[in-house]
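Below is one structure, written out as structure tokens, with a few remarks after it.
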Amino acid sequence: MCRTLARAAAAAAIAALALVPGSPAADVPPGDMLAAWPHPKGYVCYRAPGPITIDGDLKSAEWDAAPWSDAFVDIEGDKRPKPQFRTRMKMLWDDEALYIAAELEEPHVWATIKEHDAVIFQDPDFEIFLDPDGDNHTYAELELNALNTTWDLLLTKPYKNGGRALNGWEIIGLKTAVKVQGTLNDPRDTDTGWTIEVRWPWKGLRELATFTGAPRDGDQWRINFSRVEWDIQVNGGQYTKVKNRPEHNWVWAPQGVIDMHRPERWGYLQFSTAKPGTTTFKPDPDWPVRDALHRAYYAQRAHHKKNGTFATAADLGLKDIADRLDVRATRTGCEISWLEREAKPPKVRYSITDDARLWKH
């Protein structure tokens, strides 16, 4: 898989590839996907100092050990106004599970969906996206509303790459709880908001990761959080959505586009066994390479959509990194690799496929 083809042979093989099922999706993202993306946010997750009761109440001493995240921002980042209401999260872990807490400011808490695995984001909701190995494929999503109704699903790969949502998948041992600071579904008063607690056992990650137990000190996973908020009005004593108005998407790590299924732009979760408050987040030293390969991936998608063929490295239009890229045809599409040309002989460090699967050699 790491061997390269001669430039002439590679160019001929790549140009011969036609648009086939499983090739880049029809939609091509905005041009800013081709620009360098800053290192995403990181969160240091400390070990829980004691057992955590999952009841939606975040006032326990155990949660005092966990720092709050930054307030969520619009999914598109600074190009959009700041969210109207504050959302933030915090995390802890132990030998059994990952614990997630969230606080959502909301003057009018409402929810209607009561069926498990329904499309929860039709209500205001809180969403968790988790990809332990950071390869962009086989990742999990969990959504819940203020009624504590949940939707857990497994994504084979992002929707833009033809991924499917496996709704029948269940997170083994999952526990969630919600506590409303106010009155649910009652427009007659003003609420403070709602809080969430989630216990996600390590055994509920079997399909997502190769490990069999808890993570190690210093391990880093990819994770992100989203809050869906709808503009509402009161009709007949009940909350109703304002017609023809799209939802708001407020997130921890901005995506740059209105699509949570861009795992390459999720934040980093760093596990620590140190005393809470004593560890700093360590940026991923491979981030520049990972980001460069995603830029090449998006450039390749754009070229393929326009021409029906895959481009060579020189034809991707990324002059700053073209000499580092090796593009070759595969049985099902295209693979782009990052070359360490300083090594003798040059060696491949990372690769990405035309359906966005990324891995380190």
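Here is how the numbers come out for the structure above:
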read-out	value
Tally, over the stretch 285-311, of residues that are under 26 Å from the mean Cα position of the chain (by Cα), aromatic (Phe, Trp, Tyr) and buried (at least 19 other Cβ atoms within 10 Å of the Cβ)	2
Every residue from the stretch 256-282 that is open to solvent by 20 Å² or more (accessible area, probe 1.4 Å) and over 17 Å from the mean Cα position of the chain (by Cα)	Thr273, Ala274, Lys275, Pro276, Gly277, Thr278, Thr279, Thr280, Phe281, Lys282
Near pairs, Cβ below 6 angstrom, 6+ apart or cross-chain, from the stretch 321-334 (more than 22 Å from Ala36 (Cβ to Cβ)) to any residue that is in a helix (DSSP H, G or I) and open to solvent by less than 30 Å² (accessible area, probe 1.4 Å)	Arg328/Ala10; Ala329/Ile14
Failed condition for Ala314, given (1) open to solvent by 20 Å² or more (accessible area, probe 1.4 Å); (2) within 23 Å of Phe72 (Cβ to Cβ); (3) among the small types (Gly, Ala, Ser)	(2)
Those residues of the stretch 149-166 which are in contact (Cβ under 8 Å) with a residue 40 or more places away in the chain, out of contact with any Gly (no Cβ under 7 Å at 6 or more places or on another chain) and of a type outside the set (Lys, Arg), in sequence order	Leu154, Pro158, Tyr159, Asn161, Gly163
Tabulated pairs, the stretch 167-178, first farther than 25 Å from Leu58 by Cβ, second open to solvent by 30 Å² or more (accessible area, probe 1.4 Å) and of a type outside the set (A, V, I, L, M, F, W, C), C-beta under 9 angstrom, 6+ apart or interchain	Asn167/Asp117; Gly168/Asp117; Trp169/Glu207; Glu170/Asp117
Which listed residue, of Arg245, Arg164, is open to solvent by 60 Å² or more (accessible area, probe 1.4 Å), over 19 Å from Glu105 (Cβ atoms), within 18 Å of the chain's Cα centre (by Cα) and among the charged types (D, E, K, R)	Arg164
Candidate set from the stretch 317-361 (those that are open to solvent by less than 20 Å² (accessible area, probe 1.4 Å) and assigned to a loop (DSSP other than H, G, I, E, B)); member that is nearest to Pro263 (Cα to Cα)	Ala356
Subset of the stretch 27-64 [touching a strand residue (DSSP E or B) at 6+ places or on another chain (Cβ under 6 Å) and part of a loop (DSSP other than H, G, I, E, B)]	Pro40, Lys41, Ala48, Ile52, Ile54, Asp55, Gly56, Asp57, Leu58
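The values are calculated or read from the model by the stated rules, or taken from the named source; none is laboratory data. Note that the structure is a prediction, hence the values are computed from the model and not measured. Positions of Cβ are generated from backbone atoms using ideal geometry, with glycine treated the same way; all protein chains shown enter the neighbour counts. Note: accessible area is taken over every heavy atom of the protein model, side chains too, but ligands, DNA and RNA are not part of it. Shrake-Rupley method; radii C 1.70, N 1.55, O 1.52, S 1.80 Å.
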